[in-house]
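Here is the structure we will look at, set down as structure tokens.
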Amino acid sequence: MRAQRNHALKAVAGAALAVLAMTGCASSSKPAASSAATGGTASAATVGAASGPAVVTTADGAMGAFLTDGAGRTLYLWLGDPSSTSMCTGQCATYWPPLLTSGAPTVGGMADSKLLATSKRADGTTQVTYAGHPVYYFSGDKTAGATDGQGKNAFGHLWWVVSPAGAGITSAGASPSATATAVRGY
């Protein structure tokens, strides 16, 4: 009986560890140093893959005008980037894939071409920057215009939807999907 209980406890503990590993939960809220551009998941690689020049344009929503890519997917900035060089790599880039480009990016809508630039990532890919901020997608946004990443605290810093002026839209209450809950590295 005791041997069965110990085996059951080990199985439960193993299952819990497997769930934690699959969800990327870790004791640290800081991104691990890595040269991976998108963290290796199919969805992140698909969203962040550069298949030509990126387009940065705008959409309108509950927060007003905000930046999107050419397909209408919302773009975010991360307060963990102290400069135009991305610090979001490895597991961070799995959940927050960078907007990559394989040519000079272009603008549409209310986006300002003077604020558009690029920066090299550690893996050699080229990431789009806007007003000096590297821009990213949120893997939890399932449809064009979704803003489920708004106000998230992940990988040690907040993530904000980007205004056409290049600032983070920080009004957490402006979006029904906005949260200020701590997300420890996902």
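The values are calculated or read from the model by the stated rules, or taken from the named source; none is laboratory data. Not measured: the values here are computed from a predicted model. Here Cβ is always computed from backbone atoms with ideal geometry, including for glycine, and neighbour counts include all displayed protein chains. Keep in mind that these areas ignore ligands, DNA and RNA; they rest on the heavy atoms of the full protein, side chains included. Shrake-Rupley method; radii C 1.70, N 1.55, O 1.52, S 1.80 Å.
When restricted to residues that are part of a loop (DSSP other than H, G, I, E, B), open to solvent by 60 Å² or more (accessible area, probe 1.4 Å), within 20 Å of ALA65 (Cβ to Cβ) and of a type in the set (D, E, K, R), segment 93-143 contains 0.
Restricted to segment 154-172, and to residues there that are open to solvent by 20 Å² or more (accessible area, probe 1.4 Å) and free of Cβ contacts under 8 Å to residues at least 60 places away in the same chain, the residue that is farthest from LEU115 (Cα to Cα) is ALA172. Screening PRO82 against (1) under 15 Å from TRP159 (Cα atoms); (2) touching a Leu at 6+ places or on another chain (Cβ under 6 Å) leaves a single unmet condition, (2). Restricting segment 77-92 to residues that are among the hydrophobic types (A, V, I, L, M, F, W, C) and either at pLDDT below 95 or open to solvent by 70 Å² or more (accessible area, probe 1.4 Å) (or both), which is nearest to GLY132 (Cα to Cα)? That would be LEU79. Of the residues that sit in segment 64-76 and are of a type outside the set (D, E, K, R) and outside any strand (DSSP E or B), which one is least open to solvent (accessible area, probe 1.4 Å)? Of everything passing the filter in segment 64-76, LEU75 is least open to solvent (accessible area, probe 1.4 Å). Here GLY24, GLY39, GLY61 are screened, and the one residue that is at pLDDT below 90, over 23 Å from GLN127 (Cα atoms) and surrounded by 13 or more Cβ atoms within 10 Å (Cβ to Cβ) is GLY24.
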